[in-house]
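Right, one structure below, let's go through it.
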Amino acid sequence: MSVGETVERRSGPTAGTGALARLAALPEAAVLALLFLAGAVFSAVTIMKGIQQNDEGLMLQAAARIASGEVPYSDFWWFYPPGQPYLLAGLWEVFGPSLVPWRVLRVLTDASVGVLVYLLARRYASPGLALAAWLAAIGAMASPSGPHPYPVALAFALGALLAMTRYPVAAGVLTGLCALWRIEFAAYLGLAVVCAYAVRPALERRRALGRYLPAAVVATAALFAPVVLAAGLSESWDLLIRYPIQDFADYQSLPFPLSYEGDINLASLRAARDTVASLLIFYLPLVLLVGSAATVLALGLRWSRARWPQVAVVVFTLGMAHYLLVRTDQFHTGPLAVMFSVLAAWAIGSRGVAFRSMRRLPAAAAGVAVVALVWVAAQGIERVVRELEIDSVAIDIPVADGVAELPRGRCSLPGDEPVRYCTLDELEQAVDYVRRTVPPGEPIYVATRRSDLITSGSPLFYVLAERPNPTRYDIQAPGLITSAPVQREIVGQLERAGLPPVVRWTAAITAAPEPNRAGESTGVHVLDDFLDRRYRPAARFGSYLILEGRG
């Protein structure tokens, strides 16, 4: 612990009385163990509910390919870093095809993020405020859940922010690990750590940078090298760097939510609760940005060089704000909510001398932080409570292993959170048909209702049916599958595979309108024309149309 941190601990807010005093009196290891256990329970109570046909399918299908010996970027199209699919592939090898292992991993990761948030907040805040930051963070992590790579990357980033004060080499290694899950998170993190070191005294700055930067560069290069060398430098660069920078934002960006157009219904307690829940979720991005700005202002007006580690957290938080703005939806609020929670605890408990002409400004900014922190915690708890109230049923597919989903007829969710496809019954029937009619090891191809406009797909169908994809493309990415060259490639691969069965998911969500390039038709129907010409209907289960080759 640095001298600045020691002074801050002594001069910071008191621990309080009652339960908080007893918590503060416990050994630190006991406190952290209790927080980890509570966070794991909070995350686990809903983890077995709900499937994501697109996002969950992408990660698990990539894991299945890797487990079978394929390499991302060369053998199949993939633009995420390799950390998450390789980790899930390892779980696939150990436990076999299942929707459960990634969920256990997510619970452990959520709990770890909560503990790291508490430790980071505790550096400049009381136990009570650190506990409030933990609660807000664990709520943000617990729902919506998914096999996304950002939770693991965020855990490594928080670890690096904690380690940077005394262990710059460890912080560098953690930065490399962070990059293996999310490259942009590592870039934000590297910039954050360098900025923080830059405000240290010159001698300490040179020593820290001389240890951190080489460790980060070497760790990143060593971790990426095996996959990049196996896939090829050109292919890896194109999908890891060029595609996310040049193409991703054009097809994935969404307008920032400012004008709520939902119903305001206060006619009953139930309706009022639904309205409040919808408002909490809809305005969460705005609250996070305003709250983050307020915390930065409050901390900045009372900042001293002794608090130089705060610079790193502020800069990384700004990076998480950019991550949210790239695609402002429910799945991208978590990282900023977590980092804001740390800054809010610091800003609310911050003491120091502000500029005389601005003495009231830090207090006002801290007040905004209080409101925002309560908002973040409330929406996180509300999402989890609402998930618990949903009457879902276990999916009758072997790979599901007890995961539950809403059956048809129970699709109404207040505020449409989280998104439900409401096709469980027909999904079970379609998967059962494929498993009965397509021999194990034989391929199928999963298509959407149209090939010129795609906003979502169902790569999870490959995982549930346990049948491989004969093409390189599991991702139904707009701008990719909707292009003529890729459609011609898919047609050629289907012909070489002997016209395997095609599962066409015709749900409206696969071509839902979006206010970006993904919502625009490319006018390319090469794949549609091929399916119409060379295939015929074999069976239909609701929105799932099974096609067989004409021979």
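The values are calculated or read from the model by the stated rules, or taken from the named source; none is laboratory data. Small disclaimer: the values here were computed from a predicted structure and weren't measured. We place every Cβ from the backbone using ideal geometry, glycine too, and count neighbours over all the protein chains shown. To get the accessible areas, we keep the full protein, side chains included, count just its heavy atoms, and leave off ligands, DNA and RNA. Shrake-Rupley method; radii C 1.70, N 1.55, O 1.52, S 1.80 Å.
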Criterion violated by LEU361 - all others in (1) open to solvent by 60 Å² or more (accessible area, probe 1.4 Å); (2) modelled with pLDDT of 90 or more; (3) assigned to a helix (DSSP H, G or I) satisfied: (2)
Out of ALA221, ALA298, report the one residue that is modelled with pLDDT of 90 or more and farther than 30 Å from TYR80 by Cβ. ALA298
So, of the residues in the stretch 195-231 that are hydrophobic (A, V, I, L, M, F, W, C) and touching a Gly at 6+ places or on another chain (Cβ under 6 Å), which turns out to be surrounded by the fewest Cβ atoms within 10 Å (Cβ to Cβ)? LEU223
Of all residues in the stretch 537-551, which are over 18 Å from ARG496 (Cα atoms) and more than 38 Å from the chain's Cα centre (by Cα)? none
Where residues in the stretch 474-500 are among the β-branched types (Val, Ile, Thr) and under 26 Å from VAL438 (Cα atoms), which of them is surrounded by the most Cβ atoms within 10 Å (Cβ to Cβ)? ILE481
Within the stretch 39-73, track down each residue that is open to solvent by less than 50 Å² (accessible area, probe 1.4 Å), in contact (Cβ under 8 Å) with a residue 40 or more places away in the chain and of a type in the set (A, V, I, L, M, F, W, C). ALA40, PHE42, ALA44, ILE47, ILE51, LEU58, MET59, LEU60, ALA62, ALA64, VAL71
Condition test on GLY479, is it modelled with pLDDT under 95 and either in contact with a Ser or Thr (Cβ under 6 Å, 6 or more places away or on another chain) or not in a strand (DSSP E or B) (or both)? yes
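If you scan the stretch 501-531, which residues turn out to be of a type in the set (A, V, I, L, M) and either in a helix (DSSP H, G or I) or open to solvent by less than 20 Å² (accessible area, probe 1.4 Å) (or both)?
Taking the stretch 501-531 as the starting set, the residues that turn out to be of a type in the set (A, V, I, L, M) are 502-503, 507-509, 511-512, 518, 524, 526-527, 531.
VAL502, VAL503, ALA507, ALA508, ILE509, ALA511, ALA518, VAL526, LEU527, LEU531 - these are the residues of the stretch 501-531 that are of a type in the set (A, V, I, L, M) and either in a helix (DSSP H, G or I) or open to solvent by less than 20 Å² (accessible area, probe 1.4 Å) (or both).
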Under 18 Å from the mean Cα position of the chain (by Cα) and open to solvent by less than 30 Å² (accessible area, probe 1.4 Å): does that describe LEU87? no
Which listed residue is within 14 Å of the chain's Cα centre (by Cα) and open to solvent by less than 20 Å² (accessible area, probe 1.4 Å), from THR317, THR295, THR333: THR333
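So, TYR167, is that one more than 21 Å from the chain's Cα centre (by Cα) and at pLDDT 95 or above or not? Spell out how you get there, then give the answer.
Details: more than 21 Å from the chain's Cα centre (by Cα): yes; at pLDDT 95 or above: yes.
Here the answer is yes, as TYR167 does meet what is asked.
Assess whether ALA170 counts as being open to solvent by less than 20 Å² (accessible area, probe 1.4 Å) and either touching a Leu at 6+ places or on another chain (Cβ under 7 Å) or part of a helix (DSSP H, G or I) (or both).
In short, no.
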